[in-house]
1. Which of (1) over 23 Å from the mean Cα position of the chain (by Cα); (2) at pLDDT 95 or above is the odd one out, the single condition Ala52 does not satisfy?
2. Give the residue that is least open to solvent (accessible area, probe 1.4 Å), with candidates limited to residues of the range 309-322 that are without any contact (Cβ under 8 Å) to a residue 24 or more places away in the chain and under 26 Å from the mean Cα position of the chain (by Cα).
3. How about the range 7-32: which of its residues are closer than 15 Å to Pro157 by Cβ, out of contact with any Pro (no Cβ under 8 Å at 6 or more places or on another chain) and open to solvent by 10 Å² or more (accessible area, probe 1.4 Å)?
4. Just checking, which of Pro296, Pro247 is touching a helix residue (DSSP H, G or I) at 6+ places or on another chain (Cβ under 8 Å) and not aromatic (Phe, Trp, Tyr)?
5. In the range 256-291, what residues are open to solvent by 10 Å² or more (accessible area, probe 1.4 Å) and assigned to a helix (DSSP H, G or I)?
6. Can you report the number of residues in the range 41-89 which are of a type in the set (Lys, Arg), surrounded by fewer than 17 Cβ atoms within 10 Å (Cβ to Cβ) and touching a Leu at 6+ places or on another chain (Cβ under 8 Å)?
7. Kindly indicate whether Leu197 is out of contact with any helix residue (DSSP H, G or I) (no Cβ under 9 Å at 6 or more places or on another chain) and surrounded by 14 or more Cβ atoms within 10 Å (Cβ to Cβ).
Amino acid sequence: MPKASSSVLIIRLDAIGDALALTPSIAALQRAGVPVDLVLRPANAAVFANGALRDVVVAGFDLRSRSRTNLAAIAQLGRTLRDRGYTHVLVATEDPGGYRLAAAIGAPVRAGFEDPWGKPLKAIWSRGLLTRSVYRSAALKHASAHECETLFGLVAPLAQESAPTRDLERLRPLVLDEAPQPDGRIVVQISDKWERLGIPFAQVVDLVRRVAAAGDVHLVASESETVYAERIEEATALPVQRFDALPPWKAAIAAADALIAPDSGALHVAGTIGTPVVAVFPPMPRFDAWVARWSPWAAPHRIVRAGDDRWPARATEALAQLR
């Protein structure tokens, strides 16, 4: 059981979905009475609800950079955070900057991941910056653990429970400031992530048209993806709502009857707040292991494998099953 004076800083220098995979770990620390601060990137600094954490620190330094200016920025942030007196700094990121920041803070316990077989040189390097290492394979295994379970390994010594929770009553308040009124719509995440995953634009258009025929559809996108959103609007004659902030975007997903999304942050918002979700994954090597690692954590869901022109029909069928 952790001492009452324990305080934790978690460093997660990754995308929205990566950050949300920490939600069960934050819930465990909260139940154990351990104050938690979190280092996030500017793009996902508002991904958690107000009050879910004691503080969110925004990391302004660059990722994967060893420039003198960047190393100085990490060192400066470390000196600032050192004065907070953390007992534990947990490096929940693969970026070397996270390890350097932990060392600069100099907490008594500095824990992070290593893979001495897959990345032996990095393991040797990181051991000089950490006081405790947790094994994590750098490669996907045939039966991969979910990311929430892997991250829980970092907080387990401080937690009062043996496994990450899937209790939506505990998870949802950590992500949403308040629960919106249900609107009965089906949200489709409009993002160029579809194309970045190798899913053709025409197939996404087919999906949108099928969903629109099945019910009241709500197309949502980030303001930063306006170009892709405009292409969808032109092809479907349906409006796409753009969001320039995370809280209203999360609220739109929370109000929905269901969500259809590619492997993206939207999928993991739904997975932690309970919105039923059809998760579309592209074909890839070790597909099953990737899905096991990144499927929606606690929400009802169906997995659809893209890769042919029939997956939009399968996604629509999966949506009907969820609803």
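The values are calculated or read from the model by the stated rules, or taken from the named source; none is laboratory data. Every value quoted in this text rests on a predicted model; they were computed, and no experiment measured them. Neighbour counts are summed over all protein chains in view; Cβ atoms, including those assigned to glycine, are modelled from backbone coordinates with ideal geometry. Surface areas here come from the heavy atoms of the whole protein model, side chains and all, with no ligands, DNA or RNA. Shrake-Rupley method; radii C 1.70, N 1.55, O 1.52, S 1.80 Å.
1. Unmet for Ala52, out of (1) over 23 Å from the mean Cα position of the chain (by Cα); (2) at pLDDT 95 or above: (1).
2. Of everything passing the filter in the range 309-322, Arg314 is least open to solvent (accessible area, probe 1.4 Å).
3. Passing the criteria: only Arg31.
4. Pro296
5. Matches in the range 256-291: Gly265, His268, Phe287, Asp288, Trp290, Val291.
6. 1
7. Yes: the conditions hold for Leu197.
Residue-by-condition table, conditions (1) touching a strand residue (DSSP E or B) at 6+ places or on another chain (Cβ under 7 Å); (2) part of a helix (DSSP H, G or I); (3) touching a residue at least 40 places away in the same chain (Cβ under 8 Å):
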residue: Ala212; (1), (2), (3): no, yes, no
residue: Leu219; (1), (2), (3): yes, no, no
residue: Arg242; (1), (2), (3): yes, no, no
residue: Pro247; (1), (2), (3): no, yes, yes
